[in-house]
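Each remark here refers to the structure printed beneath this line.
The values are calculated or read from the model by the stated rules, or taken from the named source; none is laboratory data. This structure is a prediction, so every number in the text was calculated from the model and none was measured. A quick note on method: Cβ atoms are made from the backbone with ideal geometry, for glycine too, and the neighbour counts reach across all protein chains shown.
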Amino acid sequence: MTMAGQGTDALGALRHLEDGRASVRLRAALVMGTAPEARFVDKLIERCAIEPEFFVRDMLTWALARHPVSVTLPGLLREVRSERAQARSQALHTMSKIGDRQAWPAITRELLCDADDEVARSAWRAAVVLVPDGEESGLAAVLVTQLGRGGRETQLSLSRALVALGEVVLPALRAATTAADRRVRTHALATERLLRDPDAGFESAIEEAKRVVALGGSGPAGQ
């Protein structure tokens, strides 16, 4: 049965966003995005911070993006300062989907270096989308400080963010290939390889970088 079939109006959608069934919460978010109303925004943002299901969170983000930026952005800016990691991560993710550069000042060094990997990854993605023209080098300088952190997914996210910035990252990346930390050198070399060859797979780039580092080199990998 559809939400409409259940007689759900705006108030019903708000109520169903708290339902114990993920499918009902998903349809509630769909209703809110299909017929946006300013009164939905705070509830959608609040739910993003606690929603356990990825596919529901994705619909919540879609619903928020359907509302005017002037209505959504103030709440999202508050959330990126939340003590709850999921609140910060989802707010950053939503800002990256909205893509309005008014949000750029909220992408702080603290968020880009957040101790929680999911928050940091969301911050990296948002930063690449929101960075103003001319500030890419400064962003790259912060991002390279995170090279070597986390597992493969985290490292892949950082490499993608750096590659998305383009050749402006090369000076910072090259400096990182001589870092004392072996993991940093390896990650820097792999990212440099991906920048030179976007079709190279991340695993392949990492393995090649490991060989270079093991031989005492600092790249470029493959040379």
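The set of residues in the range 191-214 that are within 22 Å of Arg125 (Cα to Cα) and part of a helix (DSSP H, G or I) comprises Thr191, Glu192, Arg193, Leu194, Leu195, Arg196, Phe202, Glu203, Ala205, Ile206.
For (1) assigned by TED's automatic domain parsing to the domain that holds Asp19; (2) more than 30 Å from Arg27 (Cα to Cα); (3) within 14 Å of the chain's Cα centre (by Cα), each residue gets a yes or a no:
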| site | (1), (2), (3) |
| --- | --- |
| Pro52 | yes, no, no |
| Val71 | yes, no, no |
| Thr94 | yes, no, yes |
| Trp104 | yes, yes, yes |
| Glu136 | no, yes, no |
| Val142 | no, yes, no |
| Gly151 | no, yes, no |
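Output the residues belonging to the range 22-46 that are of a type in the set (D, E, K, R) and crowded, with 22+ Cβ neighbours inside 10 Å.
Arg25, Arg27
Whenever a residue of the range 19-30 is among the basic types (Lys, Arg), its partners that are in a helix (DSSP H, G or I), lying with C-beta atoms within less than 8 angstrom and at least six residues away or across chains, give the pairs Arg25/His16; Arg25/Arg47; Arg25/Val56; Arg27/His16.
You will find that of Val24, Val41, the residue that is over 24 Å from the mean Cα position of the chain (by Cα) and modelled with pLDDT of 90 or more is Val24 and no other.
In the set Ala188, Ala164, only one residue is assigned to a helix (DSSP H, G or I), buried (at least 23 other Cβ atoms within 10 Å of the Cβ) and modelled with pLDDT of 95 or more; that residue is Ala188.
Any idea which residue in the range 38-56 is nearest to Met95 (Cα to Cα), counting only those that are assigned to a loop (DSSP other than H, G, I, E, B) and of a type in the set (D, E, K, R)? Per the criteria, the residue is Glu51. Examine the range 117-131 for a residue that is of a type in the set (Lys, Arg) and surrounded by 18 or more Cβ atoms within 10 Å (Cβ to Cβ), and state whether such a residue exists. For the range 117-131, residues of a type in the set (Lys, Arg) and surrounded by 18 or more Cβ atoms within 10 Å (Cβ to Cβ): present. Within the range 74-86, the set of residues being buried (at least 21 other Cβ atoms within 10 Å of the Cβ) and among the aliphatic types (A, V, I, L, M) comprises Leu76, Val80. Of all residues in the range 111-127, exactly one satisfies the criterion of being outside any loop (DSSP other than H, G, I, E, B), more than 16 Å from Ala140 (Cα to Cα) and of a type outside the set (Asp, Glu), namely Val119.
The condition (being of a type in the set (S, T, N, Q) and either touching a residue at least 12 places away in the same chain (Cβ under 8 Å) or closer than 23 Å to Glu18 by Cα (or both)) is satisfied by just one residue among Ser82, Ser70: Ser82.
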